[in-house]
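The values are calculated or read from the model by the stated rules, or taken from the named source; none is laboratory data. Being a predicted model, the structure only gives us computed values, none of them experimental. We place every Cβ from the backbone using ideal geometry, glycine too, and count neighbours over all the protein chains shown.
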């Protein structure tokens, strides 16, 4: 019985040695060996030498389409050409003053990167000048209490920067009178034209800022009784420089 038990133990030992010889050897990494690799999930695709680089997710550019409202302010600098019939005199007087008001508009980005839009604004104005023909002693005041424009805009967007050209109509109230207004003011509401350029930039979210130049021609205006009997005619040409802050409505 003892001999049988010893034979069984010897058989088990030889079988264990054979299995150990067939098993994959265990290799202990050295102190400078890289960490073990994890098994790769899925097939490995190796790009060829002429394949394009992998694509990254597209980042959506800013979309200028939508309504907006805003405020603006700046200054007007120009000239008022005048002619006094009773004095057989004429000349040009510098006219200047501040502007401040509100803006509303709509942009349509018809296809990257072109943007078309329509914009209107109304500004209170301090633009004024004084002339001194003898028939209007001690002098005639000429001023523009308010100015409004309605314009088209044509822009080319560089993502969040929009340079643009603009043009349309301008309307303003024109006043003239003898200094001190003893006869009351002469008043006209003139329709003219305007054209210019600007650039608008996205600040953050729905907020945008712009700077703008407009050339404004308000045509002629004749002052009679209010200018000492007159007639004295005025033609105003002005350059408007202003900055604005716009807020885009219903932004996604």
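List of remarks:
- Qualifying residue in the stretch 106-115 (condition: in a strand (DSSP E or B) and within 23 Å of residue 217 (Cβ to Cβ)): no
- If you go through the stretch 152-184 and keep only what is touching a residue at least 60 places away in the same chain (Cβ under 8 Å) and under 20 Å from residue 106 (Cα atoms), you end up with 155, 157, 159, 160, 162.
- Inclusion of residue 101 among residues that are closer than 18 Å to residue 209 by Cα and out of contact with any helix residue (DSSP H, G or I) (no Cβ under 6 Å at 6 or more places or on another chain) is warranted.
- Scanning the stretch 206-214 for residues that are surrounded by fewer than 16 Cβ atoms within 10 Å (Cβ to Cβ), at pLDDT below 95, in contact with a strand residue (DSSP E or B) (Cβ under 8 Å, 6 or more places away or on another chain) and outside any strand (DSSP E or B) turns up at least one hit.
- The stretch 164-184, subset modelled with pLDDT of 95 or more and exposed (fewer than 15 other Cβ atoms within 10 Å of the Cβ), residue farthest from the chain's Cα centre (by Cα): 169
- Inspection of the stretch 71-88 identifies no residue that is modelled with pLDDT under 75 and under 30 Å from residue 250 (Cβ atoms).
- Residue check, residue 188 part of a strand (DSSP E or B), in contact with a helix residue (DSSP H, G or I) (Cβ under 6 Å, 6 or more places away or on another chain), within 22 Å of residue 83 (Cβ to Cβ) and modelled with pLDDT under 95: no
- Taking the stretch 100-121 as the range and being within 20 Å of residue 175 (Cβ to Cβ) and exposed (fewer than 15 other Cβ atoms within 10 Å of the Cβ) as the test, only 100 passes.
- Test: residue in the stretch 224-236 that is at pLDDT 95 or above, in a strand (DSSP E or B) and out of contact with any helix residue (DSSP H, G or I) (no Cβ under 9 Å at 6 or more places or on another chain): no
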